[in-house]
Amino acid sequence: MGKKIVLTGGGTAGHVTPNLALIPYLRKEGYEIAYIGSIGGIEQKLIEDFGIPYTAIKTGKLRRYFDPQNFTDPFRVMQGFHEAHKFLKEYRPNIIFSKGGYVSVPVVHAASLMRIPCICHESDLTPGLANKLCTPFAEKICCNFPETMKELPESKAVLTGTPIREELFKGDKETGKKLCGFTDDKPVLMVIGGSLGAASVNRSVRGALDGLLKDFNVVHICGKDKMDNLMLTIPGYKQFEYVKNNLNHLYAMADIVISRAGANAICELLALKKPHILVPLPTGRGDQKLNAASFKAQGYSICVDDDDLPDVILDKVHELYENRQHYIDVMAKSSQINSVPIIMNMINELAK
């Protein structure tokens, strides 16, 4: 009888996509897979395509600030713990792999009580609150950045990088050009701002478009409801709201990339060895700025502050393109681009 694994994590796409990347490899190894997520969470929609049984549990947000829901959410977390415990008792998995997010906390705690080993994965440079609460109960904690190792218990921390979806490595440059209607041999600049897009990056790119199009074709993934209908017919400029199935072909076509600095996005750029400019989100808990600073320090990235982008975009794009081979060579030496075999070995070892 094959081994069983429960995947958990949710709240944002970043807490789900690394789990999705592991699924083909887990199936090859003969694992039976189940998923525990939140009720109505983004993870449920993303898991549907894989035909994996999904169990929804109640979850509460763990806030570091005052909110009236702070008084009710602990009870939701307790309910989630009982629901997770009930499912794990019936399913009897050999191991849990948790990608974080608030839904993972009751799952990892329940598994710990039942002596089911857990591996957690932290994407950002500084561990989020959910993973901090899971750390005492995890056997191993995978991370993306050398700096994160200092924030975790030495016996548990493993520098792995993020699992990248297998299909991203199988893109075709010519298919990408056809999707965009690019017919000449100009190099391609790809602009990607995360699933919701990045309004300030969009403005900067469109403001500099005349200059960019002199030397580049531009494919711009601009986010939901952020396309500019007045720019739909400009030759050499192709906009998409969101790309699900053909992202691999666009990556294959791209010579250089401008991106936000979310952990999954930058790990994809690193794994695909795409020279890039990072423009970290200026708000939030600061993780994008830290992610970008780490990648810059390791020599992988050019980093630009959000406020500075409109003034420097043309110069930085040309600087990156002229030095693109240097960045490719540095990324090729990274120890953070071979995560799947490392994580699969850990799973197999602990699932015995």
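The values are calculated or read from the model by the stated rules, or taken from the named source; none is laboratory data. The structure displayed is predicted, hence computed values, not measured ones. Neighbour counts run over all protein chains shown; Cβ positions are idealised from the backbone, glycine included.
Just to be sure I understand, how many residues within the stretch 205-220 are under 24 Å from the mean Cα position of the chain (by Cα) and in a helix (DSSP H, G or I)? Walk me through how you get there before you give the answer.
Initial filter on the stretch 205-220 (under 24 Å from the mean Cα position of the chain (by Cα)): 205, 218-220.
This time we only want the ones that are in a helix (DSSP H, G or I), so: 205.
Matching residues across the stretch 205-220 total 1.
I want to confirm something. Restricting to the stretch 251-271 and keeping residues that are at pLDDT 95 or above, touching a strand residue (DSSP E or B) at 6+ places or on another chain (Cβ under 8 Å) and part of a helix (DSSP H, G or I), which single residue is farthest from Gly286 (Cα to Cα)?
Once the filter is applied, the top-ranked residue is Met253.
Could you grab me the full set of residues in the stretch 171-201 that are out of contact with any strand residue (DSSP E or B) (no Cβ under 7 Å at 6 or more places or on another chain), at pLDDT below 95 and not in a loop (DSSP other than H, G, I, E, B)?
Across the stretch 171-201, the qualifying residues are Ala199, Ser200.
Return the residue satisfying two criteria in turn: it lies in the stretch 315-333 and is of a type outside the set (Lys, Arg) and surrounded by 17 or more Cβ atoms within 10 Å (Cβ to Cβ), and of such residues it is farthest from Lys214 (Cα to Cα).
Looking only at the stretch 315-333, we keep the residues that are of a type outside the set (Lys, Arg), and these are 315, 317-323, 325-332.
Those left that are additionally surrounded by 17 or more Cβ atoms within 10 Å (Cβ to Cβ): 317, 320, 327, 331.
Values: Val317: 12, Leu320: 16, Tyr327: 23, Met331: 28 Å.
Of everything passing the filter in the stretch 315-333, Met331 is farthest from Lys214 (Cα to Cα).
Residue-wise test of (1) within 22 Å of Arg203 (Cβ to Cβ); (2) outside the structural domain of Pro24 (by TED's automatic domain parsing); (3) in a helix (DSSP H, G or I).
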residue	(1), (2), (3)
Ile234	yes, yes, no
Lys244	no, yes, no
Asn248	no, yes, yes
Tyr321	yes, yes, yes
Ile328	no, yes, yes
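Given (1) under 20 Å from Ala271 (Cβ atoms); (2) part of a loop (DSSP other than H, G, I, E, B), identify the lone condition not met by Ile116.
(1)
Residue by residue through the stretch 273-286, note down the ones that are at pLDDT 95 or above and either out of contact with any strand residue (DSSP E or B) (no Cβ under 8 Å at 6 or more places or on another chain) or among the charged types (D, E, K, R) (or both).
Lys273, Lys274
Note down all Cβ pairs under 7 Å where the first residue falls in the stretch 169-198 and is over 24 Å from Lys316 (Cα atoms), the second is modelled with pLDDT of 95 or more and charged (D, E, K, R), and they're at least six residues apart or on different chains.
Cβ pairs passing all conditions: Gly181/Lys238.
Anything in the stretch 172-222 that is touching a His at 6+ places or on another chain (Cβ under 7 Å) and surrounded by 16 or more Cβ atoms within 10 Å (Cβ to Cβ)? List them, or say none.
Once the filter is applied, which keeps residues that are touching a His at 6+ places or on another chain (Cβ under 7 Å) and surrounded by 16 or more Cβ atoms within 10 Å (Cβ to Cβ), the stretch 172-222 yields Gly176, Leu179, Val191, Val205.
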